[in-house]
Amino acid sequence: MKKLMLGNAAFARGLYEAGVTVVSSYPGTPSTEITEFAAEYDEIYAEWAPNEKVAMEVALGASIAGSRSFCGMKHVGLNVAADPLYTASYTGVNGGMVIAVADDPGMHSSQNEQDSRHHAIASKVLMLEPSDSAECKEFTKAAFELSEKFDTPVIVRMSTRVAHSQSAVELCDRAEPAQKEYVKDPQKYVMMPAFARGRHVFVEERTKKLREYAETSPLNKVIDNGGDIGIITSGVSYQYAREAMGNNASYLKLGVVNPLPEELIKNFCAKYKKVYVIEELDDIIESHCKKLGMNVSGKELFGYIGEISQAVVAEKLLGKKNDFTTFDGNVPVRPPVMCAGCPHRGLFYCLSKNKIRVSGDIGCYTLGASAPLSAMDTTICMGASISALHGFNKARGEEAEKSTVAVIGDSTFMHSGMTGLVNIAYNATNSTVIILDNSITGMTGHQQNPTTGKNLKGDPAAAVNLEELCKAIGIKRVRVVDPYDLAGTEAAIKEELAVSEPSVIISRRPCALLKYVKHKPALKVVTDNCKGCKMCLKLGCPAISVRDGKAVIDHTQCVGCGICSEVCKFGAISE
Amino acid sequence: METRSIMIVGVGGQGSLLASRLLGNVLLAQGYDVKVSEVHGMSQRGGSVVTYVKYGDEVFSPVIEKGEADVIISFEQLEAARWLPYLKKGGKLITSTQKLDPMPVITGNAEYPENIIEKIKAAGIQVTAADALSLAEEAGNSKASNVVLMGVVAASTDFDDKLWQDAIEQCVPPKFLELNKKAFELGKKAAV
Ligand SMILES: Cc1ncc(C[n+]2csc(CCOP(=O)(O)OP(=O)(O)O)c2C)c(N)n1
Ligand code: SF4
Ligand code: SF4
């Protein structure tokens with residue numbers, strides 16, 4: 001049966017059909033749905049780990065135990081999991097182990113545009129790259145075979161357009177490979193220098209074998225249409241090239257992107273007058289070709305930034321441009337915003353109003369950086385809010401301690417914020433950290449996390465008690481506020497900034513999109529009372545706008561959180 | 001058959017994902033090769049969102065570029081204006097008359113353009129406009145305006161009604177089936 005499936009759903013289907021039994025991941029766009037779909041198969045145990053490093057170690061443990069295992073993450077997640085990856089390359093596997101890493105060319109939902117192929121090269125593991133949903137499934141299954149055959153973790157590189165596009169997939173049955181026997185083997189699995197030296201020799205030999213495999217792998221395909229133009233490409237770039245050039249070019253479509261073949265490439269290049277390399281982000285295939293002495297063109301045409309598309313290929317290779325009509329008039333941008341009723345809004349309003357410096361982090365609350373709240377000074381990577389605040393305060397002293405806070409979400413705090421807080425307590429700055437506890441991992445589409453009391457399957461689970469945790473770390477001043485109570489929240493922030501002690505404020509209220517959250521009826525503006533002062537617009541709630549000089553509330557969006565009525569000095573907003 | 005391209009544009013949270021899935025399933029059932037490209041993550045928080053639906057004998061690229069869309073289905077007027085350059089010469093626009101102010105308009109830093117639909121028509125583009133929001137409210141929930149618009153689309157294509165009904169049943173949770181079927185019918189009628 002053919003089914004329309006998201007690349008990520010097809011990947012999960014591949015995990016199912018390959019007989020995977022253990023999945024541990026941390027969410028991150030565009031990788032998240034692989035694990036969510038995997039969790040729908042009863043035969044697979046699937047969990048959200050607190051971060052990618054933990055997830056990868058869980059998967060490696062399960063592989064060593066003899067089962068087929070998987071972990072998934074976005075590109076920057078692999079930086080967090082790089083430590084286990086580089087040594088898992090040495091230990092190799094027992095049951096097959098596959099890692100999904102999803103790159104985000106164009107940064108639809110990311111803080112940088114790094115190319116995860118560098119990690120595969122540096123850690124010397126096999127990397128495959130599918131170009132549509134059917135391949136997501138097939139490559140995933142192949143990855144498990146190859147993992148076991150070559151004794152290596154295998155990375156399957158996804159990208160936004162492959163992960164989040166649906167195309168037809170043929171479903172197959174699940175294989176049930178027997179669990180491999182576990183035999184204690186310290187020379188393979190205890191990576192202390194004496195044993196690791198031996199494994200490094202193994203890794204280099206494996207790389208040679210993998211390169212030989214790449215020469216003849218069925219995952220690398222030549223589509224020979226004759227002609228003068230050859231295109232070497234992989235992943236979604238292949239689809240762009242194929243759409244733009246059709247049968248007017250020949251293609252070497254690489255499914256194995258690390259290690260890259262040599263003879264295959266040389267033979268392909270020899271056949272065509274002009275050979276182009278079409279790859280998004282870095283020039284990895286192109287440099288490889290050039291190292292082999294091949295005269296190819298790539299980045300001089302396509303650059304290193306953002307996505308390619310069929311239009312870009314057609315323009316660069318054929319000089320073709322489409323005709324189109326533009327709208328006659330200025331079209332204002334529509335940036336993402338916090339939802340109506342978002343619990344983060346009240347807190348950011350208080351920070352904005354008091355012009356407090358904010359060491360920010362990553363989550364829905366990063367939207368607090370946008371106008372009109374504009375209450376964020378830095379955002380770097382998950383967890384950096386707390387550690388960077390400590391550094392900022394060490395550098396600038398008391399003046400900074402009294403006017404700067406860190407903001408971090410509950411999931412992000414569990415991911416990598418806790419260790420920064422340990423540092424604040426241990427190395428003593430009078431820092432003020434605000435944990436935005438909305439009881440969910442919001443930005444990535446509402447995943448459970450260790451603070452929510454539920455696991456990936458939605459079943460009850462142990463919940464971290466944030467207050468007790470912060471106290472155990474050594475923070476004596478820990479308090480909880482309700483961000484819908486603006487006066488209480490503002491007072492707490494001022495008090496904690498003023499004291500000469502480290503403190504944590506937990507701003508607690510569940511995300512407005514959670515199903516169990518009961519909303520109040522929409523509020524209304526009493527037009528006669530409204531003076532048109534626009535104070536309420538400073539909240540940046542998408543449900544409030546001004547028409548003919550008076551505030552209006554969109555009843556289809558408003559969830560009755562009430563903070564606009566707290567802000568209005570004239571009592572013009574009420575139930 | 002040459003690949004045909006449909007874009008669905010709107011504001012994050014308006015339900016364009018469901019609309020594109022409905023359309024994708026109808027096209028697959030028609031025997032086409034289909035690709036549907038969605039956007040997840042950040043822009044779903046009230047940003048401008050776009051999904052691409054492409055179908056034909058064999059579809060390669062999942063994305064649609066400027067001047068390539070045969071049809072644009074828009075959930076909101078400003079978004080219709082924003083994505084207009086993606087329409088092919090001779091392409092068609094189906095839009096809801098709903099207006100949602102983006103944050104720069106709310107904060108007074110920009111103005112919501114006036115007479116969007118008239119201006120697009122004046123540019124020589126064939127436009128079908130429907131008050132999808134009111135019809136959705138009539139069906140029982142403002143959130144069903146996505147399915148209302150799919151009804152409008154259905155009225156202008158000749159795919160068997162059964163395919164649409166099957167797709168709705170496949171993509172909508174049973175609890176909301178009745179409501180969505182009603183929304184779909186209202187959309188179909190509005191298009192006539
Ligand atoms: C290393 C890394 N992993 C994953 C992500 C993707 N990501 C961005 S924000 C976020 C978590 C947000 O959850 P939370 O901190 O609870 O804040 P909320 O969105 O709920 O406000 C995740 C997983 C990332 N940016 N970096
Ligand atoms: S999803 Fe939840 S946390 Fe994120 S912006 Fe919306 S209400 Fe806020
Ligand atoms: S009560 Fe006010 S601030 Fe809250 S969602 Fe409604 S309009 Fe927005």
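The values are calculated or read from the model by the stated rules, or taken from the named source; none is laboratory data. Please read these numbers as outputs of a predicted model, since none were measured by experiment. Note: ideal-geometry Cβ built from the backbone for every residue, glycine included; neighbour counts use all protein chains shown. Surface areas here come from the heavy atoms of the whole protein model, side chains and all, with no ligands, DNA or RNA. Shrake-Rupley method; radii C 1.70, N 1.55, O 1.52, S 1.80 Å.
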Margin query: On the principal axes of its Cα set, how long, how wide and how thick is the stretch A:2-216? Give whole Å, largest value first.
Written below: 49, 39, 39
Check: So what are the stretch A:433-531's ellipsoid semi-axes, whole angstrom, largest first, if each one is the square root of 5 times an eigenvalue of the alpha-carbon gyration tensor?
Finding: 28, 25, 9
Next item on the list: Please work out how much accessible surface residue B:171 shows to a 1.4 Å probe, ignoring ligands, DNA and RNA, in Å² rounded to 10.
Entry: 40 Å²
Note to self: How far apart, in nanometres, would the label points at residue A:247 and residue B:115 be if each is projected 7 angstrom from Cα along the Cα-to-Cβ direction?
What the structure shows: 5.0 nm
Next item on the list: Quote the FRET efficiency, to the nearest 0.05, computed for residue A:2 versus residue A:454 with a Förster distance R0 of 51 Å and r equal to the Cβ-Cβ distance.
Entry: 0.90
Note to self: Students often forget the sequence filter, so: which lysines lie under 23 Å Cα-Cα from residue A:494 once same-chain residues fewer than 8 apart are removed?
What the structure shows: A:353, A:355, A:394, A:402, A:471, A:476, A:538, A:569
Check: What's the long-distance tail for the stretch A:367-413, i.e. % of Cα pairs beyond 14 Å?
Finding: 54 percent
Notebook entry, point to check: In peptide A:165-172, how many Cβ atoms from other protein chains are near each Cβ within 10 Å, on average?
Noted result: 5
Check: How much length, in nm to one decimal, is gained on full extension between residue A:225 and residue A:86, taken as 0.36 nm per residue of separation minus their Cα-Cα distance?
Finding: 46.0 nm
Checklist line | ³J(HN,Hα) computed for each position of the stretch A:103-117 - Karplus, 6.51 cos²θ - 1.76 cosθ + 1.60, integer Hz, glycine/proline x | finding: 7, 9, x, x, 6, 4, 8, 8, 9, 8, 10, 5, 9, 6, 4
Next item on the list: Using only alpha carbon pairs under 8 Å that are at least six residues apart, calculate the relative contact order of chain A and give it in whole percent.
Entry: 11 percent
Check: Based only on Cα atoms, what Rg/Rh ratio does the stretch A:311-374 have, Rh being taken as Kirkwood's radius?
Finding: 1.28
Note to self: Inside 10 Å of the C-beta atoms of A:193-202, what's the mean count of C-beta atoms belonging to other chains?
What the structure shows: 0
Notebook entry, point to check: If amide H atoms are built 1.01 Å from N in the plane of the peptide, which residues on other chains or at least 5 residues away come under 5 Å of the amide H of residue A:275?
Noted result: A:230, A:297
Next item on the list: Return P(r) of the stretch B:129-192 (all Cα-Cα pairs; 5 Å bins starting at 0; whole %; ordered from short to long distances).
Entry: 4, 22, 33, 24, 14, 3
Check: Rounded to the nearest 5, what is the percent of antiparallel bridges among the DSSP beta bridges in the protein assembly as shown?
Finding: 35 percent
Check: About the Cα centre of the protein assembly as shown, what is the dipole size in debye to 20, counting +1 per Lys and Arg Cβ and -1 per Asp and Glu Cβ, all else neutral?
Finding: 980 debye
Check: Given 0.36 nm per residue, what is the gain on full extension from residue A:377 to residue A:461 after removing their alpha carbon distance, in nm?
Finding: 26.7 nm
Item checked: Residue order for B:125, B:8 - accessible surface, 1.4 angstrom probe, largest first -> B:125, B:8
Margin query: Taking the 0 to 90 degree range and rounding to the nearest ten, how far is the long axis of helix A:343-353 tilted relative to the main principal axis of chain A, both from C-alpha atoms?
Written below: 60 degrees
Next item on the list: Using only alpha carbon positions, build the gyration tensor of the stretch A:343-508, then give the equivalent ellipsoid semi-axes as the square roots of 5 times its eigenvalues, largest first, whole angstrom.
Entry: 23, 18, 15
Margin query: From the convex hull of the Cα coordinates of the stretch A:1-125, what is the mean projected area in square nanometres?
Written below: 7.7 nm²
Next item on the list: Show me A:81-91, A:168-178 ranked by packing, highest mean number of other Cβ atoms within 10 Å first.
Entry: A:81-91, A:168-178
Item checked: Between the stretch A:1-36 and the stretch B:101-134, the Cα center-to-center distance that results, in Å -> 39 Å
Check: Could you name the lysines in cross-link range of residue A:184, using Cα to Cα under 25 Å and dropping any fewer than eight places away on the same chain?
Finding: A:53, A:124, A:149
Checklist line | Cα→Cβ-extended label distance, 7 Å offset, between residue A:427 and residue A:171, nm | finding: 5.3 nm
Check: Among rounded, prolate and oblate, which fits the stretch A:94-232 when a ≥ b ≥ c are the square roots of the eigenvalues of its C-alpha gyration tensor, a/c under 1.5 means rounded, and a/b larger than b/c means prolate?
Finding: prolate
Checklist line | Backbone HN-Hα couplings from phi across the stretch A:518-527 [Karplus 6.51/-1.76/1.60, Hz, Gly and Pro as x] | finding: 8, 9, 8, x, 4, 7, 10, 9, 7, 4
Checklist line | Amide H contacts of residue A:478 (H built 1.01 Å from N, under 5 Å, at least 5 apart or other chain) | finding: A:504
Margin query: Just to confirm my numbers, what's the Cα centroid distance between the stretch A:561-575 and the stretch A:222-294 in Å?
Written below: 62 Å
Next item on the list: Just tell me which aspartates and glutamates come within less than 17 Å, Cα to Cα, of residue A:266; anything on the same chain fewer than 8 places away is out.
Entry: A:212, A:215, A:224, A:228, A:286
Note to self: So if I place +1 on the C-beta of Lys and Arg and -1 on the C-beta of Asp and Glu, and nothing else carries charge, what would the dipole magnitude of the stretch B:4-190 be about its Cα centre? I want it in debye, nearest 20.
What the structure shows: 160 debye
Check: In terms of modelled amide H atoms, which long-range or inter-chain residues lie less than 5 Å from the amide H of residue A:126?
Finding: A:155
Notebook entry, point to check: With springs only between Cα atoms under 10 Å, which of B:172, B:11, B:147 fluctuates most in a Gaussian network model of chain B?
Noted result: B:172
Check: Taking a temperature of 20 °C and a viscosity of 1.002 mPa s, what whole-number D in µm²/s does Stokes-Einstein yield for chain B with Rh from Kirkwood over alpha carbon pairs?
Finding: 129 µm²/s
Next item on the list: Give the distance, in whole Å, between the Cα centre of the stretch A:113-178 and the Cα centre of the stretch A:458-488.
Entry: 39 Å
Checklist line | P(r) weight above 35 Å for the protein assembly as shown, C-alpha pairs, percent | finding: 50 percent
Check: Between residue B:177 and residue A:209, what FRET efficiency comes out of the Förster formula 1/(1 + (r/R0)^6) with R0 = 45 Å and r the beta carbon distance, rounded to 0.05?
Finding: 0.25
Check: To the nearest 100 Å², how much accessible surface do chains B and A hide from each other in total, with a 1.4 Å probe?
Finding: 4900 Å²
Check: Can you flag which of B:143/B:182; A:520/B:181; A:180/A:209 are past 21 Å Cα-Cα?
Finding: A:520/B:181; A:180/A:209
Check: Fully extended, how many nm does the chain gain between residue A:40 and residue A:520 (0.36 nm per residue separation, minus their Cα-Cα distance)?
Finding: 169.5 nm
Margin query: Set the bar at 31 Å for Cα to Cα. Now go through A:208/A:320; A:299/B:92; A:3/A:457; A:141/B:35; A:3/B:175 and name every pair that lies beyond it.
Written below: A:208/A:320; A:299/B:92
Check: What shape does the stretch A:156-204 have by the C-alpha gyration tensor, where a ≥ b ≥ c are the square roots of the eigenvalues, rounded means a/c under 1.5, and otherwise prolate means a/b greater than b/c and oblate the rest?
Finding: oblate
Notebook entry, point to check: Which Rg and Dmax, in Å, describe the Cα atoms of the stretch A:75-165?
Noted result: 12.9, 37
Notebook entry, point to check: Taking every residue in A:318-330, how many Cβ atoms of other protein chains lie within 10 Å of its Cβ, on average?
Noted result: 6
